[in-house]
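Take a look at the structure below.
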Amino acid sequence: MQDITFTVKNVWPKLDPGEQNLVGELAEEYKAFLNRARTERETIAEAVLLAQQNGFVTLRQVERLRPGDKVYEINRGKAMVLAIIGSDALESGGNIVAAHIDSPRLDLKPVPLYEEEGLALFKTHYYGGIKKYQWLSVPLAIHGIVVKQDGTRLELRIGDQPGDPVFTVSDLLPHLAKDQMDKKLADAVPGENLNILVGNRPSAEASQENQEKEPVRKAIAQYLYQTYGLVEEDLVSAEIELVPAYPACDVGLDRSMVGGYGQDDRICAFAALKSLMDITTVPRRTVIVLLADKEEIGSEGNTGMKSRFLENFVAEAVARMDHRLPELAARRMLGNSRALSADVNAAFDPTYKDVMDKNNAARLGCGVVLTKYTGSKGKLEANDAHAEFVAFVRRLFNEAGVAWQPGELGKVDQGGGGTVAHLLASYGMDVLDCGPGLLSMHSPFEVASKVDLYMAYKGYKAFLSAAG
Ligand code: MN
Ligand code: MN
């Protein structure tokens, strides 16, 4: 008999032992992925590896595209489109799952190194929406690239391998924090205070001569030169990110959760990639997974969702098929597509229940979240998926045994947020936000449920393979 009342339930008791094993296996793979993919570039590198292992080739290597072909393109190492060509005409549209792979962090400034009172420090400029106080007194790792004037690239990764030194932003001891503690939380840590501790040992020669003005800075500059051949000017053309140094791990005595950095939105990127790799027969509709950069700063730039990366990929694909009107075919393909904007939502936190409408908030462990609309102040800038499309996804998930729940991002007028959903929708396709709920979103240690990850993976797979 059909349930006439709607309740959201924890997924664990509903899983048979076989599926419980799959949940555990997926979580192990996910943690390893998170540990390797700490930046947008490292995430794309992981995705390329996975794609190549599963028979994907770059689109430009293919002269004629045929059903079943597996192709991808990367955009400056920071964004990527992967596709499996379907047997239906491309114009009838594709099934798209789009996640973003950038996460909040601290970026080094172009001239980062300075010395003050015998300490060498790096200046940073934070990226994305962070609560600054959360980034103090945390072990941090350096991940990034330096491109020298001659174009040679140096990849840096210091702080998360055994024996590595780590870096940190110091905080004030409570004994002397009277004035700081009186401040509003938002003002307590100014952005210019997010300085990274990198050294305290003067260079021997500078100390001997006893006339060097900044002997510790000099020593760090020497270290960078001797170890990596870097001069300070090289750091102007660099992208160096400070990310938490500790690995992802299980959370809870029951090990039901995963804690770690960058789960917004690499949990969705991972689930989307895994589900795509599971498609081993020729799909009816063309299947696409899109990994976008810059979502956390408004999807700007040529690797963000506001660029024409997806559109250009489709145009390139159309050019490799027989189409009398290629321009129209590409537009039809995009307009007739349907998409899941694969992004996380906030899970209900009983410690902060005042900001949530308890009937409409997502619960950790209760399945992947369908978010009809995001936005703020009356759905401003939201995609607000159509009822017809939400019904389509709901039926698809119910038929495939995907545990899902509806979710809204907090109480009305409490704040809000957005995803890439409205940007995908601008092509004319139907879009719905769909991803796991997180606790401590945007913090250096976000928490997700293992079953929600599994249901996201299962849901994306059902969506990508949907023929009708
Ligand atoms: Mn996100
Ligand atoms: Mn975010």
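We did not get these values from a lab; they are worked out from the coordinates using the rules stated. As the structure is a prediction and not an experimental result, all values here were calculated from the model. Here the Cβ positions follow ideal geometry from the backbone for every residue, glycine too, while neighbour counts run over all protein chains shown.
Annotations
- The calculated FRET efficiency for the pair T5 and L185, based on their C-beta separation and a Förster distance of 45 Å, comes to about 0.70.
- When the P(r) is computed for the stretch 137-208, the part past 18 Å accounts for 62% of the Cα-Cα pairs.
- Lys, Arg +1 and Asp, Glu -1 on Cβ, resulting dipole of the chain about Cα centre, debye, nearest 20: 1200
- Net charge dipole, the stretch 256-397: roughly 560 debye, given to the nearest 20, about the Cα centre with Cβ charges of +1 for Lys and Arg and -1 for Asp and Glu.
- Placing unit charges on the Cβ atoms of the charged side chains and taking the dipole of the chain about its Cα centre, the candidate lying farthest along the positive direction among A456, S237, W135 is A456.
- Set of lysines with alpha-carbon distance to K411 below 23 Å, sequence-local pairs under 8 removed: K9, K131, K184, K353, K358, K372, K377, K379
- Extending 7 Å from Cα along the Cβ direction at E117 and again at R157 yields two label points whose distance is 3.6 nm.
- Trypsin sites (Lys or Arg not before Pro) lying in DSSP loop within the stretch 35-96, provided at most 16 other Cβ fall within 10 Å: R64, R76
- Take every Cα pair under 8 Å whose residues are at least 6 apart in sequence, average their separation, divide by the length of the chain, and the relative contact order is 22 percent.
- Using a Förster distance of 30 Å, the FRET efficiency for K14-Y352 (Cβ separation, nearest 0.05): 0.65
- For the stretch 114-231, size of Cβ-based charge dipole, Lys and Arg +1, Asp and Glu -1, in debye: 360
- Point-to-point label distance, N312-R66, nm (Cα→Cβ direction, 7 Å offset): 2.9
- Y225-L380 pseudo-label distance in nm [points 7 Å out on the Cα-to-Cβ vector]: 5.2
- Extended-chain gain in nm, criterion 0.36 nm per residue less alpha-carbon gap, T280 and N193: 26.2 nm
- According to the calculation over all Cα-Cα pairs in the stretch 221-292, the P(r) per 5 Å bin from zero is 3, 10, 12, 13, 12, 11, 12, 12, 8, 5, 2, 0 %.
- Distance-filtered residues of the stretch 40-54 - backbone nitrogen under 18 Å, label point 7 angstrom along Q134 Cα→Cβ: 40
- Qualifying trypsin sites (Lys or Arg not before Pro) in the stretch 273-351, where qualification requires a DSSP coil assignment and no more than 10 other C-beta atoms within 10 Å, comprise R308, R324.
- Compactness of the chain, taken as the C-alpha radius of gyration over 2.2 N^0.38 Å, stands at 1.04.
- Largest first, the extents of the alpha carbon coordinates of the stretch 17-68 on the three principal axes equal 45, 30, 13 Å.
- Between the exposed loop cleavage positions of the chain, defined as GluC sites (Glu not before Pro) in a non-H, G, I, E, B DSSP state with at most 11 neighbouring beta-carbon atoms within 10 angstrom, the longest gap is 118-468.
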